[in-house]
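A quick write-up on the structure given underneath.
The values are calculated or read from the model by the stated rules, or taken from the named source; none is laboratory data. Source: prediction; values computed, not measured. Using ideal geometry, Cβ is built from the backbone for each residue, glycine included, and neighbour counts are taken over all protein chains shown. The accessibility values were calculated without ligands, DNA or RNA, using every heavy atom of the protein model including side chains. Shrake-Rupley method; radii C 1.70, N 1.55, O 1.52, S 1.80 Å.
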Amino acid sequence: MATLPRMTTTAPIGAHLIGGDWSTDAPGGTAVSDNPARPDEPVGEYPLGDAGTAAQAVGAAVEAQAAWRAAGFGFRSRILERAAVLFDERADELALVCTLEEGKTLAESRGEAVLSAETCRYQAGLAKTSTERIFPTGNPGETIRTVRAPLGVVGIITPWNFPILIPVWKIAPALVAGNPVIWKPASNTPLTAVAIAGVFADAGLPAGVLNLVLGPGSVGGALVADERVDGVSFTGSVGVGRGIRDVVTARNGRVQLELGGHNPCIVFPDADLDMAVTAVVGGAMGATGQKCTATRRIIAVGDVHDELVDRLAVAVTALKVGDGQDPATAIGPLVSAGARAEVVEAIDQARAEGAVTVAVTEEVPDGPCYQAPTLFVGGTDLTITREEVFGPVSTVLHVDTEDEAFALANDTEFGLSASVFTNDMWTIDRAVHELRAGLIKVNGPTTGSEIHAPFGGEKNSSGHSAREQGDTAQEFFTRTRTAYIKPGRLP
Ligand code: NAD
């Protein structure tokens, strides 16, 4: 086993956190977390919980609920402020465990830790701003006032691709609003999750307020089905998300979904090609293409096509693929051999369907999780131009007109992010209003967002879910109540 550096946290490596106690109970057995860059050097062992473990964690959250709510926002935000300090102080060790388990570069992992600190700080500060509204009434002395109450016991289920930041996007606003949390992280990144739970525990969170349960998807299934869980915030694949939505809404719970994407980037003839090429290559191949916002379709308008393809090909061919711990690496391995098999299958299918390969990265290390970034040119008949392939693969499509470009960009079941490269203000205005995506970038990559602005998608990317991040995060984690208040005696 690779030796992890000693964590500053009091969390042991590989344990659930239930009711304030670290537990290595393993009713589902023990599993090993792998390092995709070095498969012969596993990162560490962790216990697998089951439905009983999930139920125990929900029980601990229910027990902690009243006191956490009564503690008030001042107490809660001070804990988040301490967590922010710890995320900053532990950024390097969090980055290392994230890179060991997920494979992304240390710089990408460190960015997640630092933005987690910023998220905690921002959400803590936001708790001190009023979200109440006052309305007049026709009755003398009476006012109508809306208050925000916590949603209740919250289940949080997260993917492996942003194993630090996505959980913190959800956990920080949930906690500060007064909700106790049960968190089920992805099975590929369990030890990163333990390190994060350790940050919150060490920040002084009372027992039972944040509970962590490690295990397979069925543990998440048990959490979702538990009647005591008032709401579930989920980020992951479309199929799993829809199943969760059906179970939670059937029992009148609240659900928030962040699912897949098939994000277009339109490059117009007047685009700055230096800017566009950098953004497209970063957006399509960065984090090994394992971002929900990754650029999956590059739409070249008119005569920009040939030069754009030539320049993208040069940039993709020259990418440096390698171990995320090597500072020279731009693109790490895929998260697992299974994930790579799916990407290879999609690439083979694209070629069989007639996609033309214009670039394949030249230098790629041996190993079951390494995949050469690949760029195709093709048409809308290719499966790869409709279905999300979670890896470093993208396709350039050619259209003649602006109308065709917008129609093609919107011709997808997804609506997470989209970008345009142009200097024309009318085209920009049209993009902002007509592109059906929750996140629209003008002269920027489809990837990346700021933690204080709303984040989320349309169509099958998020359904009708409340937005995450920013002050909009509280829409999901609180309930609005309307109080009519008048004096109890006449003057
Ligand atoms: P996944 O759906 O396989 O797993 C996500 C989480 O759900 C994991 O913790 C998993 O253990 C759990 N899970 C699996 N089956 C479950 C069940 N039946 N009930 C409850 N929980 C269950 O997704 P993944 O492979 O970890 O992540 C990749 C996917 O996530 C991609 O489709 C990507 O687009 C999407 N994603 C979306 C966003 C966004 O913001 N829209 C962000 C990141 C990733």
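Here are some notes:
- For the chain, the Cβ-based charge dipole about the Cα centre amounts to some 2720 debye (Lys, Arg positive; Asp, Glu negative; other atoms uncharged).
- Carbon + sulfur, % of accessible area of region 263-442 - ligands and nucleic acids excluded, 1.4 Å: 51
- Its residues counted as N, the chain yields a C-alpha radius of gyration over 2.2 N^0.38 Å of 1.01.
- Between Thr278 and Asp366, the contour length at 0.36 nm per residue exceeds the Cα-Cα span by 29.0 nm.
- Amide hydrogen neighbours beyond the local backbone of Asn263, cut-off 5 Å, H modeled: Arg296, Arg297
- Other-chain or far-sequence residues with amide H under 5 Å of Ala359's (modelled H): Leu375
- For region 286-301, Karplus couplings with θ = phi - 60° (6.51, -1.76, 1.60), whole Hz, Gly/Pro x: x, 6, 6, x, 9, 10, 4, 9, 4, 6, 9, 10, 10, 9, 9, 9
- Region 435-486 - charge dipole about Cα centre, Lys and Arg +1 at Cβ, Asp and Glu -1, debye rounded to 20: 260
- Computed over region 1-121, the ratio Rg/Rh where both radii use C-alpha atoms and Rh is Kirkwood: 1.01
- In region 441-485, GluC sites (Glu not before Pro) in a DSSP loop with at most 15 other beta-carbon atoms within 10 Å: Glu450
- Qualifying trypsin sites (Lys or Arg not before Pro) in region 403-491, DSSP loop, other Cβ atoms within 10 Å at most 16: Arg489
- Hydrophobic long helices, here whole DSSP H runs in the chain with Kyte-Doolittle means of at least -1.0 and Cα atoms spread over 27 Å or more along the helix axis, are found at 51-70, 106-126.
- Heavy-atom accessible area order for Ser23, Ser218, Ser237, largest first, 1.4 Å probe: Ser218, Ser237, Ser23
- Rounded FRET efficiency, nearest 0.05, which uses the C-beta distance separating Glu387 from Lys486 and R0 of 51 Å: 0.30
- Karplus-derived HN-Hα couplings along region 468-481 (A = 6.51, B = -1.76, C = 1.60, θ = phi - 60°), whole Hz, x at Gly and Pro: 8, 6, x, 6, 5, 4, 6, 4, 7, 8, 10, 10, 8, 10
- Gain on full extension, evaluated as 0.36 nm per residue between Ala107 and Asp471 minus their Cα-Cα distance, stands at 128.3 nm.
- Gain on full stretching of the segment that runs from His433 to Asp303 - 0.36 nm per residue minus C-alpha separation: 44.3 nm
- Between amide H atoms placed 1.01 Å from N, distances below 5 Å from Asn443 occur with Val420, Phe421, Thr422, all of them 5 or more places distant or on a separate chain.
- Across region 359-369, rounded Karplus estimates of 3J(HN,Hα) from the backbone phi angles (6.51 cos²θ - 1.76 cosθ + 1.60, θ = phi - 60°) give 7, 9, 4, 7, 9, 10, x, 6, x, x, 10 Hz, Gly and Pro being marked x.
- Extending 7 Å from Cα along the Cβ direction at Ala352 and again at Asp246 yields two label points whose distance is 2.9 nm.
- Using a probe of 1.4 Å, the accessible surface attributed to Leu257 totals some 10 Å² when neighbouring protein chains are kept in position.
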